[in-house]
Each structure stands twice: as structure tokens, then as C-alpha cells.
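Novice: After the C-alpha cells below, expect a handful of questions from me.
The values are calculated or read from the model by the stated rules, or taken from the named source; none is laboratory data. From a predicted model like this one, the values you see are computed outputs, not experimental measurements. Here Cβ is always computed from backbone atoms with ideal geometry, including for glycine, and neighbour counts include all displayed protein chains.
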Amino acid sequence: MQSDRRPQLIWDLPLRLWHWALVVCLAGSWITAEAGFDWTTTHFYFGYSALALVLFRLAWALLGTFHSRYATFLASPKQVLAYLRKAKDAEPSAGHNPLGGWASVAIVVLIGLQAGIGLFISDDIFYAGPYNTVVSSSTADWLAGWHHRLFTLIQITALVHVLAVSWYTWGKKEGLIQAMLHGKKTLQVHGAEETVNEHRGLRALLLLALAATVVAILVYVAPLPDYEIY
């Protein structure tokens, strides 16, 4: 089939909105964590929202459009190494390149772990996660340590992501930042299966509502603490 060089829709609207919502959650979590005790409740809600977004992304990886599905861009280690050897001269990928695909999964996994761990920790004074009482105090302290370390790792990963995307956008002229705004890339696309012809918005709304409901139920049915937190 003849290749087409016109701007092609690659990233569907639900995925783009998910991406920027996750950015807001990460920024909000960081700001509220540094702002003091008055913002702890808001910090928890940012964590719950991030967990719902992670659940949505995992569902969208199966039911989303072509380039949203992990099966279309997760490459083998051999393919990743081959890409790294020729990264400077590699042709732009329609969706994620072999390295970027794994980086996107790593970010989702890290944020999922971070939000999940937050359900179990406490500051031992004012606030506790909804499942803090199901673990011992020593386990909660151990998890709290990892909660802080993981967020540092997430910050480093996010910085590397921004630097890499900036290089692809302005160094290689691939327009990745713009593509995450309007969803389109101008490149050679071989075959209609590589473009997106629908956003599947209704399906995305239903999946997001389901993910939010799962998190809400998870928090609602959490056991009540057997002590009073002042």
C-alpha cells in the first residue's frame, strides 16, 4: 500500500486527556505533599485519582484504539537494543518507539505502586490511609519509606521523560508534544491499521467511571481504624 505523508490521527482523545490528567495528579500530589498537614486530605484525593487513572489505562491498553494498546508497541529486548543503536537515524514511529513504549509502561507501574502503597501508610499523628490498620506499624513504616523513595524515582523518571520528549520534539523535529495535544503526527503511515478513525469516547467514559467506582468502593469498604487519629 502506498505510504501517506499527511498528518494522521495517532493518539485518541481519551488517551490524551488521560495523559494530562495524570500530569495534574502528579503535580497536585507533589504540591500537597510539600504544603503541610492542611493539604493532606487533598493529597489523598490526588492519590485516589491517580489510582483510578492507572486502572483506566490498563483497561484502555486492552480496549482502546490501535496505538493505545500495549500489544502494539511493547518490543522485545532485542528490538529495544537495535533501536538504541540507531536511535539518531531511526524513522519516526507512528505510535511509541520501542524505548518509549517501555518507558510509558514503567511510569504507569511506578504511579500505580505509589498510589497503592499510599493506602497503607500513616503519619502516626493526624492521617492514615484507609488500609493502614490491616498492616503492622513496622510494615506501615517500611511502606512509607518506599512511598517517599518511589516518588523520588517518579520525579526522576518524569524529568527523563520530559527531556526525551523535548529532544524528539525539537531535536528530531517529530512534534511529540504537539501530538499529545492534537493527536496527529505527520509521517509515513503504511496501512490503515496504523491510524485512528474513532476516539471510542463512550467506551472510555464507561471505563473511567468503572475505574473510579472500583477505587471509591475500595476506600469505602476499608476497615475502620481501631484507634482514634486526632
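Novice: When you look at R69, is it surrounded by 19 or more Cβ atoms within 10 Å (Cβ to Cβ) and among the charged types (D, E, K, R), yes or no?
Specialist: Values: surrounded by 19 or more Cβ atoms within 10 Å (Cβ to Cβ): no; among the charged types (D, E, K, R): yes.
Taking the combined requirement at face value, the residue does not satisfy it.
Novice: Out of curiosity, is K86 more than 21 Å from Y131 (Cβ to Cβ), basic (K, R) and modelled with pLDDT under 85? If you could, list the steps in order and put the result at the bottom.
Specialist: Details: more than 21 Å from Y131 (Cβ to Cβ): yes; basic (K, R): yes; modelled with pLDDT under 85: yes.
Yes.
Novice: How many residues does segment 1-22 contain that are over 21 Å from L63 (Cβ atoms) and at pLDDT 95 or above? Can you show your working first?
Specialist: Of the residues in segment 1-22, the ones over 21 Å from L63 (Cβ atoms) are 1-8.
If we keep only those that are at pLDDT 95 or above as well, we get none.
Going through segment 1-22 one residue at a time, the tally reaches 0.
Novice: Now a separate question. Out of G175, G183, report the one residue that is of a type outside the set (K, R) and at pLDDT below 80. So that I can check it myself, show each step before the final result.
Specialist: On the way: G183 fails: at pLDDT below 80.
From the options G175, G183, the qualifying one is G175.
Novice: For segment 105-130, how many residues meet the condition of being in a loop (DSSP other than H, G, I, E, B) and buried (at least 19 other Cβ atoms within 10 Å of the Cβ)? Explain how you work it out, then say what you get.
Specialist: We begin by selecting, within segment 105-130, every residue in a loop (DSSP other than H, G, I, E, B); these are 119-121, 123-127, 129-130.
Now narrow it down to the ones that are buried (at least 19 other Cβ atoms within 10 Å of the Cβ): 119-121, 129-130.
Matching residues across segment 105-130 total 5.
Novice: So for segment 157-171 (the condition being within 22 Å of A128 (Cα to Cα), hydrophobic (A, V, I, L, M, F, W, C) and at pLDDT 85 or above), does at least one residue qualify?
Specialist: Among the residues of segment 157-171, not one is within 22 Å of A128 (Cα to Cα), hydrophobic (A, V, I, L, M, F, W, C) and at pLDDT 85 or above, which makes the answer no.
Novice: A further question on this structure: Go through (1) touching a helix residue (DSSP H, G or I) at 6+ places or on another chain (Cβ under 9 Å); (2) touching a residue at least 40 places away in the same chain (Cβ under 8 Å) and name the single condition F120 misses.
Specialist: The failed condition is (2).
Novice: Can you confirm whether A140 is in contact with a strand residue (DSSP E or B) (Cβ under 7 Å, 6 or more places away or on another chain) and among the hydrophobic types (A, V, I, L, M, F, W, C)? Show your work before the answer.
Specialist: Details: in contact with a strand residue (DSSP E or B) (Cβ under 7 Å, 6 or more places away or on another chain): yes; among the hydrophobic types (A, V, I, L, M, F, W, C): yes.
When the stated conditions are applied, A140 passes them.
Novice: Look at H148 and say whether it is surrounded by fewer than 19 Cβ atoms within 10 Å (Cβ to Cβ) and either at pLDDT below 90 or within 27 Å of F66 (Cα to Cα) (or both). First the steps, then the outcome.
Specialist: Working: surrounded by fewer than 19 Cβ atoms within 10 Å (Cβ to Cβ): yes; either at pLDDT below 90 or within 27 Å of F66 (Cα to Cα) (or both): no.
Spelling it out, it is not the case that H148 is surrounded by fewer than 19 Cβ atoms within 10 Å (Cβ to Cβ) and either at pLDDT below 90 or within 27 Å of F66 (Cα to Cα) (or both).
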